[in-house]
Each structure stands twice: as structure tokens, then as C-alpha cells.
1. Lysine pairs in the stretch 156-210 with alpha-carbon atoms under 26 Å apart, 8 or more places apart or on different chains: how many are there?
2. Within 10 Å of each candidate Cβ there may be at most 13 other Cβ atoms; applying that plus a DSSP loop requirement, which trypsin sites (Lys or Arg not before Pro) in the stretch 160-218 survive?
3. Take every Cα-Cα distance within the chain, group them into 20 Å bins from 0 onward, and report for each bin the whole-number percent of pairs it holds.
4. Report the charge-dipole magnitude of the chain in Debye, nearest 20, computed about the Cα centre from +1 at each Lys and Arg Cβ and -1 at each Asp and Glu Cβ.
5. Are there chymotrypsin sites (Phe, Trp or Tyr not before Pro) in the stretch 134-197 that DSSP marks as loop and that have at most 15 other Cβ atoms within 10 Å, and which are they?
6. Can you tell me the Rg and Dmax of the stretch 285-359, counting just the alpha carbons, in angstroms?
7. Which of the listed residues, L243, L142, L349, is farthest toward the dipole's positive end in the chain, when Lys, Arg count +1 and Asp, Glu count -1 at the beta-carbon?
8. For the stretch 316-358, which trypsin sites (Lys or Arg not before Pro) pass both filters: DSSP loop (anything but H, G, I, E, B) and at most 10 other C-beta atoms within 10 Å?
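Each reported figure results from applying straightforward, stated rules to the coordinates on display, with no laboratory input. All figures in this text were calculated on a predicted structure; none of them were measured in a lab. Neighbour counts run over all protein chains shown; Cβ positions are idealised from the backbone, glycine included.
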Amino acid sequence: MTIEEEIKAIQDEIDKTQKNKATEHHIGRLKAKMARLKDDLIKQAMSKGGGTGGYSVKKSGDATVTLVGFPSVGKSTLINKLTDARSEVGAYEFTTLDVVPGSMEYRDAKIQILDLPGLVKGAAAGKGRGREVISVIRGCDLILMILDVFNFDHIAVLEKELYDAGIRINQRKPDVTITRTLKGGVVVTSTVDTTIDHETIKTILGEYKIHNALVNIREDITADQLIDVVRDNRVYIPAVLVLNKIDLVDKEHLKKFPKDAIKISADRELNLDVLKETIYDHLGFINIYLKPQGDKADLEEPMIMRGGATVGDVCDRLHKDFRRKFRYAKVWGDSAKHAGQRVGVDHTLCDGDILTIIIQK
Ligand SMILES: Nc1nc2c(ncn2[C@@H]2O[C@H](COP(=O)(O)OP(=O)(O)OP(=O)(O)O)[C@@H](O)[C@H]2O)c(=O)[nH]1
């Protein structure tokens, strides 16, 4: 049996099995097995030269956004309208054979937008240029899932491809830790009521040959989420649904699409301002004002960082040697316990903070 056939057989068995408390255990085991086979499939695709190198797209700007969608939904047209890039637009599929980067400046932030070759079904398993496309998506800060009014049902395929490639959209990393131990079996502790029972947790871990570990659960999770934690190679990325070519249907028809989809026409430039604002909002930028030691803070030109940025991230942006030479930093603002608090590289900053970094001379 090929790996694909094995996966199919397991999926069939899951579908066939009634879901209840008695079968939970069994399903958990099947899901773990399937997740492992899918990873094998990806590894196999990579070893066949299906894009081990990936694209070497140089990151630039304050954040990177990828345009993900099937061929001909209008990605090239959109990047041309949003940025300074010039991507070839064709009335036939696969015009975008390579990654086209563009830069969009919006409210002081420089946002890199990457137009990727259209995703195709089976991309996660290495079909088309799937692996390469996926390696770029995994490294981005926001995904725009582009669909058009004629093929909205492709959304399910897009979601599945991203999921199979280990990309979790609009999800947080589960608040669960697994610490391997040398003996004592699998010990589960939880601060919340868990829907999956402890036996199922042990079975799933067993599938991954983890027989001794401390599992600490601080949030109720599904079997699939537990597998994600075990695998530890998932990426969690926010995504926005974009519906293109709305100029081709009437208003009534548009009501059929989900409310949260941003409805645009790239070609006619409809609603592009709303899209830009949405991109900006989702990236959660914060402003950090730098204050040289013994001098005034520069309140004119803040440094644009992503939410959750640490003092160390600011160091990295300023100079390649700053982190190594770092002595301490002082911070004023919402993240500081008191004005001028002395902090280290791991300190998380807040929007509007003023920061002084002291390095070795
Ligand atoms: N009517 C209409 N046509 C559009 C719109 N956006 C794009 N198109 C057309 O759709 C076709 C495909 O557009 P592209 O921008 O090349 O699509 P793509 O997603 O980059 O396609 P690939 O490069 O094949 O991946 C072109 O003929 C565009 O002119 C739109 O908002 N309205």
C-alpha cells in the first residue's frame, strides 16, 4: 500500500466509526497514525527534490503577507494594485510561476506582499510546486486567502491544503506542554476539565513512541490539537478571507458569501482601502519610541514592530551586533512596572513604549 492509500484507509475507518465516548480512544489512535503518515508524505515529497530548497524569498519590511489562492483568482492583479510590484496578469492559469514580491506602505508600516504561484490540490503532499509555495507561506505573518465569486467553494480545499501542510490559521498554539521524562509513564495533569480522556492522551503519545512524559493541560483541546502539540512543527498564522471579482455579480448574490470575507474587485479597485486597513489591523503593529541614553526620545519616527515584540527583537532590527553587545534596557510606558524600569532582552514591549538600549562599548 502506498502512503496515500494508507491515509485513505484510515480516513475511511474514522468516517465509518461512530463517534462516542467508547470509540474516542480508537479514533485518537487513528488520527495520530494518520498525522504521522501525512508527515511521512511531506518528507517523501521533499526528498524527491520537490522543493527542499524552497524559494529563497528575501524578507523585507515590517511584516510579510502572502496571497494564497488557486490559479486565476486575481492574485497578480491584486498585488499590482496594492504594491509597487509588477506581476504578469494573464487570462489563463499559472501566469505566476515564481514568487513576486511587492511592498505596500500603509500608515508608516512597510508591508511586504508575496504573490505565490497558485496553490493546487495536493500541494501539501508535493504536487505542482506545492512544497515550495508552502514553505513560503509557513514563514509569513498573515495569509490572504483569495477566492473569486465563481469558485468560492474552493475555500475548503485551500483550508485543507494549509492544514495538511501544518499551517493552522486563526488558531492559537494550544496551552499544553509535554515534557519528556525517563520513567514513570505518561502523567497527565490539567487545570481545566478535558474532553479527551487520559487514556486517549496516552494512546496518542504512544503512537509517537512517547511512553514517559509529563503532560500539562491548561486549556481544553481536541485530539487533533494534541497531535499538533506532539508534532511540534505546526505554525499558527492569522488569515483573512478575500473575495475577488465582485464586479461580476449583483449585490443580492454577494449576500450569499460569509460576512467576514472582504469583498473586493482587484481589477476595478473596489474596496481596496478596506482590504489595506484589514491587513494593517491583523498584523497588530506597535510603535516603539527610541530614546538615546541621556537624550530625548524620538517621538517623530517610531520604530514599527509587531505586537509581542521583545527588547531583543528591537536589538535585532537596529544592528546585527546589538543583541550580543546588549547590557540592559530601560523602558517607559505600558509595559514598564515603573518609569524607566530596567529590563532584559526577553522583556515584551507594548504599543507606545519608550526604550533606551544600553550596549557594551
Ligand atoms: N472582472 C474581474 N476580473 C478580474 C478581477 N481581478 C482579476 N481579474 C481577471 O482574472 C484573470 C486572472 O487574473 P490574475 O491576476 O492573472 O490571476 P492570478 O490569481 O494571479 O492567476 P495565476 O497567475 O494563474 O496564479 C485576469 O484576466 C484578470 O484580468 C476583478 O476584480 N474583476
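1. Lysine pairs, 8 or more places apart or on different chains, close enough: 5.
2. Listed in order of number, the matching sites are R172, K183, K209, R218.
3. 24, 49, 26, 1
4. Numbers: 55 positive and 54 negative charges, 259 e Å.
Using Cβ point charges on Lys, Arg, Asp and Glu, the chain gives about 1240 debye.
5. Numbers: sites: F150, F152, Y163; in loops: F150.
Sparse-neighbourhood loop chymotrypsin sites (Phe, Trp or Tyr not before Pro): F150.
6. Rg and Dmax of the stretch 285-359, Cα atoms, are 10.9, 29 Å.
7. The listed residue farthest towards the positive side: L349.
8. K320, K337
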